[in-house]
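The values are calculated or read from the model by the stated rules, or taken from the named source; none is laboratory data. Fair warning: this is a prediction, and the values are worked out from it, not measured in the lab. Ideal geometry is used to build each Cβ from the backbone, glycine not excepted, and the neighbour counts take in all protein chains shown.
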Amino acid sequence: MQSPQLFHKILGLILLLLPCHAQGRAAPVFPVPGFRAEGRLSQAYLPGFPSVAGNEMEDVFQLKDRILKLEGVLRLQEKITTSGGKIFATSGKTADFHTTVKMCQEAGGCIAAPRNADENAAILHFVKKFNRYAYLGIKEALIPGKFQFLSGAELSYTNWYSHEPSGKGEEECVEMYTDGTWNDKKCNQNRLVVCQF
């Protein structure tokens with residue numbers, strides 16, 4: 001297993017070379033002291049960085065290409081949407097709020113929580129597709145009628161339905177309607193599971 005330091009050094013090198021790869025150009029020889037390139041990517045050396053063989057770099061690029069292709073397939077199947085660097089996904093299953101939070105965490109993400117209109121629209125795509133309301137990663141704070149993200153951060157964006165929230169301590173969770181507006185709701189109802197990564 002590679003050390004975390006080696007991983008971060010390789011990641012830094014990838015970030016240097018990635019813009020060229022994305023544009024389909026060969027990696028340039030950088031004007032950085034101590035950098036050598038023999039062939040296309042056969043050997044790269046930066047002081048403090050281990051030597052990275054071309055095959056390893058090629059493997060990284062192939063992995064990135066494979067991930068991009070898989071994302072494309074998932075988009076075509078309407079299993080994911082993206083907004084602002086986030087990926088939103090659903091399996092089409094429904095669950096209560098606490099199970100939704102757990103399912104998203106087990107998948108390596110968290111329950112979808114829109115921070116702007118574009119992210120709200122990305123989640124709404126699934127709500128409309130499955131014609132099911134979805135829980136959002138927003139809960140009522142200790143002050144009845146005041147809502148916040150699960151992290152405790154204040155909401156910087158809201159899209160409440162007219163006269164909502166109205167539960168005032170009775171409805172602690174938030175669901176998204178099929179028009180994209182929000183409603184406060186009890187947490188025990190089954191709603192569409194939408195996660196963000």
The range 118-140 - residue that is part of a strand (DSSP E or B) and small (Gly, Ala, Ser) and, of those, farthest from the chain's Cα centre (by Cα) | Ala134
Any residue in the range 107-125 that's under 16 Å from Phe149 (Cα atoms): show its pairings with residues that are at pLDDT 95 or above and in a helix (DSSP H, G or I) at Cβ separation under 6 Å, as long as the two are six or more apart or on different chains.
-> Cys110/Cys104; Ile111/Thr100; Ile111/Val101; Ile111/Cys104; Ala112/Ile123; Pro114/Asn120; Pro114/Ile123
Criterion: modelled with pLDDT of 95 or more and surrounded by 18 or more Cβ atoms within 10 Å (Cβ to Cβ) - qualifying residue of Met103, Met176 | Met176
Of Asn116, Asn131, which residue is in the same structural domain as Trp182 (by TED's automatic domain parsing), surrounded by fewer than 20 Cβ atoms within 10 Å (Cβ to Cβ), farther than 17 Å from Lys86 by Cα and of a type in the set (S, T, N, Q)?
-> Asn131
Inside the range 141-164, can you point out the residues that are within 27 Å of the chain's Cα centre (by Cα), farther than 15 Å from Ile111 by Cβ and surrounded by 13 or more Cβ atoms within 10 Å (Cβ to Cβ)?
-> Ala141, Thr158, Asn159, Trp160, Tyr161
Under 6 Å between Cβ atoms, at least 6 apart or on separate chains: pull out the pairs that start in the range 152-163 with a residue that is within 20 Å of Tyr133 (Cα to Cα) and end on any residue that is of a type in the set (S, T, N, Q).
-> Tyr157/Asn116; Asn159/Asn120; Asn159/Thr181; Tyr161/Thr181; Tyr161/Asn183
Counting only residues that are among the hydrophobic types (A, V, I, L, M, F, W, C) and out of contact with any Asp or Glu (no Cβ under 7 Å at 6 or more places or on another chain), which one in the range 179-195 is surrounded by the most Cβ atoms within 10 Å (Cβ to Cβ)?
-> Val194
Per-region count, the range 130-173, residues among the β-branched types (Val, Ile, Thr) and at pLDDT below 95 | 1
In the range 72-117, what residues are more than 10 Å from the chain's Cα centre (by Cα), of a type in the set (Lys, Arg) and not in a loop (DSSP other than H, G, I, E, B)?
-> Arg75, Lys102
